[in-house]
């Protein structure tokens, strides 16, 4: 697995991209806010459009407490999810 940062010439960016050798990609945004908005997924949605089926999922890690769906293959997760052992649907 490789870790990248994405930014295009228009300034659209994604904080972290994990890419498997097979080409599958997961995008990650990190926000310090305790709330998450649809606009926080802007870069992830852009990446999903560019990659098509290679894009597996996009996650916004935030300072809140809930795991929240934000559409197809998009989800907001509490930062604490990085250290918790429970599975998230």
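The values are calculated or read from the model by the stated rules, or taken from the named source; none is laboratory data. Please read these numbers as outputs of a predicted model, since none were measured by experiment. Glycine also receives a Cβ, built like all others from the backbone with ideal geometry; neighbour counts cover every protein chain displayed.
A few remarks follow.
- Within the range 54-80, considering residues that are touching a strand residue (DSSP E or B) at 6+ places or on another chain (Cβ under 7 Å) and part of a helix (DSSP H, G or I), the one modelled with the highest pLDDT: 54
- Tally, over the range 33-62, of residues that are surrounded by 14 or more Cβ atoms within 10 Å (Cβ to Cβ) and over 18 Å from residue 14 (Cα atoms): 0
Listed here are the residues, each with its yes/no results for (1) part of a loop (DSSP other than H, G, I, E, B); (2) at positive phi; (3) in contact (Cβ under 8 Å) with a residue 12 or more places away in the chain.
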{"residue": "39", "(1), (2), (3)": "no, no, no"}
{"residue": "44", "(1), (2), (3)": "no, no, yes"}
{"residue": "47", "(1), (2), (3)": "no, no, yes"}
{"residue": "52", "(1), (2), (3)": "no, yes, no"}
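- The residues listed here are 86, 35; of these, the one that is farther than 15 Å from residue 6 by Cα, at pLDDT 95 or above and out of contact with any strand residue (DSSP E or B) (no Cβ under 7 Å at 6 or more places or on another chain) is 35.
- Consider the range 18-29 and keep the residues that are within 28 Å of residue 80 (Cβ to Cβ) and more than 8 Å from the chain's Cα centre (by Cα). The one that is surrounded by the most Cβ atoms within 10 Å (Cβ to Cβ) is 25.
- Residues (modelled with pLDDT of 95 or more and either assigned to a loop (DSSP other than H, G, I, E, B) or loosely packed, with under 15 Cβ neighbours inside 10 Å (or both)) located in the range 8-17: 13
- Pairs with Cβ under 6 Å, 6+ apart, first in the range 4-29 and more than 14 Å from residue 43 (Cα to Cα), second in a loop (DSSP other than H, G, I, E, B): 18/1; 20/1
- Scoring residue 34 on the criteria (1) in a loop (DSSP other than H, G, I, E, B); (2) in contact with a helix residue (DSSP H, G or I) (Cβ under 9 Å, 6 or more places away or on another chain) leaves a single failure, condition (2).
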